[in-house]
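Report on one structure; see the data block that follows.
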Amino acid sequence: CPRWEEEKKEGGVKWMQLEHRGPYFVPLYEPLPEDVQFYYDGKPLKLSLATEEIATFYAKMLDHEYTTKEIFQNNFFHDWRKEMTSEEQEIIKDLDKCDFREIHKYFVDKNEARKALPKEEKQKLKEEADKIQEEYGYCILDGHREKIGNFKTEPPGLFRGRGEHPKMGMLKKRIMPEDVIINCSRDSKIPEPPEGHRWKEVRFDNTVTWLASWTENIQNTLKYIMLNPSSKLKGEKDWQKYEVARRLKGVVHKIRAQYRKDWKSKEIKKRQRAVALYFIDKLALRAGNEKEEGETADTVGCCSLRVEHIQLHPQLDGQEHVVEFDFLGKDSVRYYNKVSVEKPVFRNLQLFMKNKDPADDLFDQLTTTFLNKHLQHLMDGLTAKVFRTYNASITLQEQLKALTNPEDNVAGKLLSYNRANRAVAILCNHQRSIPKTFARSMQVLQEKIDAKKKQVEEAQEELKKAEDEFEDTKDAKAEANVEKKKKLLKRLEEQLAKLNVQATDKEENKQIALGTSKLNYLDPRISVAWCKKFGIPIERIYNKTQREKFAWAIDMAGEDFEF
C-alpha cells in the first residue's frame, strides 16, 4: 500500500522516532574588501563590522523599489543606528548623506562573476550545496528517510513583508543556536550545536511535527523547520484537508439553508454569525482571527471587519443591495469588491452598522471561535477555512467542465486550464504586483509574433506560387511541391496560434498569482483527472516540486475523479 496509507497513530501522536542534524546556520558575515567603501557626506568612512554588515543589506537593495519607500528608509535607519558604535552615531545622522553605491556595485559585480563562472566551477559549487543538503536536508521519521522542507535558518537582512507592510525595512537579526529549540526523539542521536554554542532547549514532543523552532524578532512569531511537502506526513495531511472539503459538499446545502434561516433570528449574535458565514461562503473571505494589538500590520478578515471597511448602496451600477468592500486582508493585500447581496443580508448590515463609529467592529458580537464552534457542530472537522478550500476546488472543477473544448490542441486546453485557475485566484483575491520584467518580456513575445506573421505571409505567397505553377504544368513534381508548401503553412499557422495563446495568457495573468491556489486550495486530483481525461502531460500543469508534493494524488486519481 502507498506510504500515506500506513497505520494511524493514536491520541495526537505524530511520530515514534525523529532524528536529524538540526538546522544549517547560514555562513557568518564576510567583511568587505579594503577598496570597497562607504561614503558619508561625500567622504569615505570606515564602519565597524556590525554596522558595515547592516549597510550591505541596504546596499544590496538599492535597485529595489523598497529602498525608495519612506517607511522602509525610516525603519532601516532607526534599526541601523541602534546597532552603531557611539562614535558612528555621532557622525551618521542623516540617511540622505549616506552613499552605498560602491558597495552596491561590488555585490552586482560579484553576482555577475558568479554567473560567468566556467561550467566546472559551477559544478563544484553545486556539489558543495548538494553535500550540505545530504547532510542537513534529511531526517529519519519512523524508519523512513524524509526530506526536510527548509533546513537552513533564514539569513539576516531587512524585513520586506508583503503589500504595504508597516514594518518593512526593519532589521531581521541573525538566528543563533542559542535562539533555537530542537525537537527530536529521546533515544535518537541528539543534534550537536555548532562549536562553542548551545541550543536554547532540546525537547522530545511527539505531538508536533516540527524539528526546530525559534522566535523571529520582527513580528515576534514562531518560525519552524518542517518536513518537505512531499513527505508522507504532509501528504497525508494534505489529502485529509481535501477529504474534509469534499464532505462539506454533501452538507453545504443544509448549512446554507440554516444560515438563511438565522438571518431572521431573534438573537443579534446569531444574525451576525449567519451574515459572516454568508460572506465566507459566497466570497471566500478568510475568517479573520483576533490578533494581538500592535504586533502585526492592521489587516482584517471577515469576523474582524470594521464599519469603515464596507459601504452600502441600495442601488449601484444597475444592481440592487450592493455592498462595497475595501480593506487590507492577509499580507496587506487590498480586497476591493462590489457585490449584490440578498435583501435580508443588506437589511442586517444596515442594522449592524447603526449608531456605530467607522472604527467599530461590524460584527461586534462575533468571534472566530464562536463561529468555528458552530461549524464543528454542523459537520465534524468543519472550520471557516474549509469553505475557501471547498469553493476554490468546486470552482476549478466547474470552470474546467465549462471551458475545456475536447477539440482544442494542447496549447488551447492549457489556456482553458489557466483560465479556470484564474477564476479561482480571483475568487480568493490572490494578486501580485505586475512583474518588473513584464513589459520587456511582453515586447519580446510581440516581436516573435510579428516575425511569425511575416513567415506566414511569405508561406502563403509561396503556396500561391506553387499552386499557379501546378495549374500551368500539372506535373507530379509541382503537385508534391504544393503539398510541401501547404504543410509548411499549416505548421507556421499552428506556431503563430500558439504564440497568440501565450500572449493572451500572459496579459490576463499579469496581476494574478496562480501559485497560491494551486498549492493550497485546489484538490490536485481535479487537475490530475483533467490531465488524464484530455491526454495532457501532468508536467504541463505541475513542475517537479509540485509533482513530488502531489504524488499521493497522481497515484490516486483516475480520469473520472469527481471532487
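The values are calculated or read from the model by the stated rules, or taken from the named source; none is laboratory data. All values derive from a computational prediction rather than experimental measurement. Here Cβ is always computed from backbone atoms with ideal geometry, including for glycine, and neighbour counts include all displayed protein chains. In case anyone asks, the SASA skips ligands and DNA or RNA and just uses the protein heavy atoms, side chains included. Shrake-Rupley method; radii C 1.70, N 1.55, O 1.52, S 1.80 Å.
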Exercise. Of everything in the stretch 8-49 that's among the acidic types (Asp, Glu) and more than 30 Å from Lys97 (Cβ to Cβ), which residue is most open to solvent (accessible area, probe 1.4 Å)?
Worked result: Glu10
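Matching residues to (1) at pLDDT below 95; (2) open to solvent by 60 Å² or more (accessible area, probe 1.4 Å); (3) assigned to a helix (DSSP H, G or I); (4) closer than 30 Å to Gln17 by Cβ:
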position	(1), (2), (3), (4)
Trp210	yes, no, no, yes
Asn217	yes, yes, no, no
Trp239	yes, no, yes, yes
Lys261	no, yes, yes, no
Gly288	yes, no, no, no
Exercise. Which of the residues that make up the stretch 241-259 are among the small types (Gly, Ala, Ser) and open to solvent by 30 Å² or more (accessible area, probe 1.4 Å)?
Worked result: Gly250, Ala257
Seminar exercise, completed: Picked from the stretch 301-312 (must be farther than 13 Å from Asn337 by Cα and open to solvent by 40 Å² or more (accessible area, probe 1.4 Å)), the residue nearest to the chain's Cα centre (by Cα) is Arg306
Exercise. Looking at this structure, is Phe550 in contact (Cβ under 8 Å) with a residue 24 or more places away in the chain and outside the structural domain of Lys453 (by the TED database)?
Worked result: no
Exercise. Has the stretch 179-199 got any residue that is touching a Lys or Arg at 6+ places or on another chain (Cβ under 6 Å), assigned to a loop (DSSP other than H, G, I, E, B) and either in contact (Cβ under 8 Å) with a residue 60 or more places away in the chain or not assigned by the TED database to the domain that holds Phe76 (or both)?
Worked result: yes
Problem set entry | Meets criteria (more than 30 Å from Arg306 (Cα to Cα), surrounded by 14 or more Cβ atoms within 10 Å (Cβ to Cβ) and of a type in the set (Gly, Ala, Ser)) for Ser185 | yes
Exercise. When you scan the stretch 546-559, how many residues do you find that are open to solvent by 60 Å² or more (accessible area, probe 1.4 Å) and either touching a Ser or Thr at 6+ places or on another chain (Cβ under 8 Å) or at pLDDT 95 or above (or both)?
Worked result: 1
Problem set entry | Evaluation of Lys200 against (1) modelled with pLDDT under 95; (2) surrounded by fewer than 19 Cβ atoms within 10 Å (Cβ to Cβ); (3) not small (Gly, Ala, Ser) (one fails), failing number | (1)
Exercise. Among the numbered criteria (1) surrounded by 19 or more Cβ atoms within 10 Å (Cβ to Cβ); (2) of a type outside the set (S, T, N, Q); (3) over 23 Å from the mean Cα position of the chain (by Cα), which single criterion is violated by Phe327?
Worked result: (3)
Exercise. Quick one: is Gln272 open to solvent by 20 Å² or more (accessible area, probe 1.4 Å) and either under 30 Å from Pro524 (Cα atoms) or of a type in the set (S, T, N, Q) (or both)?
Worked result: no
For this session: Read through the list (1) in a helix (DSSP H, G or I); (2) in contact (Cβ under 8 Å) with a residue 40 or more places away in the chain; (3) exposed (fewer than 14 other Cβ atoms within 10 Å of the Cβ), then give the number of the only condition that Tyr390 fails.
Result: (3)
Problem set entry | Tally of residues being of a type in the set (Gly, Ala, Ser) and touching a residue at least 60 places away in the same chain (Cβ under 8 Å) across the stretch 22-50 | 1
For this session: Just one of (1) within 30 Å of Asn228 (Cα to Cα); (2) open to solvent by 60 Å² or more (accessible area, probe 1.4 Å) trips up Pro191, so point out which.
Result: (2)
Exercise. Taking the condition farther than 13 Å from Gly288 by Cα and modelled with pLDDT under 95, does Asn372 pass?
Worked result: no
Seminar exercise, completed: Flagged in the stretch 522-550 as within 19 Å of Arg422 (Cβ to Cβ) and within 21 Å of the chain's Cα centre (by Cα), in numbering order, are Leu522, Asp523, Pro524, Ile526, Ser527, Arg540, Ile541, Tyr542, Asn543, Gln546
For this session: From Thr67, Thr56, grab the single residue that is free of Cβ contacts under 8 Å to residues at least 12 places away in the same chain, of a type outside the set (Gly, Ala, Ser) and crowded, with 17+ Cβ neighbours inside 10 Å.
Result: Thr67
Exercise. Does any residue of the stretch 360-382 turn out to be more than 30 Å from Val251 (Cβ to Cβ) and either surrounded by 18 or more Cβ atoms within 10 Å (Cβ to Cβ) or in contact (Cβ under 8 Å) with a residue 12 or more places away in the chain (or both)?
Worked result: yes
Exercise. Any idea which residue in the stretch 521-541 is surrounded by the fewest Cβ atoms within 10 Å (Cβ to Cβ), counting only those that are without any contact (Cβ under 8 Å) to a residue 24 or more places away in the chain and within 25 Å of Lys237 (Cβ to Cβ)?
Worked result: Glu539
Seminar exercise, completed: When restricted to Lys436, Lys453, the only residue part of a helix (DSSP H, G or I) and either open to solvent by less than 50 Å² (accessible area, probe 1.4 Å) or assigned by the TED database to the domain that holds Asn509 (or both) is Lys453
Seminar exercise, completed: Taking the stretch 162-180 and keeping residues open to solvent by 20 Å² or more (accessible area, probe 1.4 Å) and either over 30 Å from His197 (Cα atoms) or among the acidic types (Asp, Glu) (or both) leaves Arg162, Gly163, Glu164, Pro166, Lys167, Glu178, Asp179
Exercise. So how many residues does the stretch 363-383 have that are more than 16 Å from Lys269 (Cβ to Cβ) and in a helix (DSSP H, G or I)?
Worked result: 2
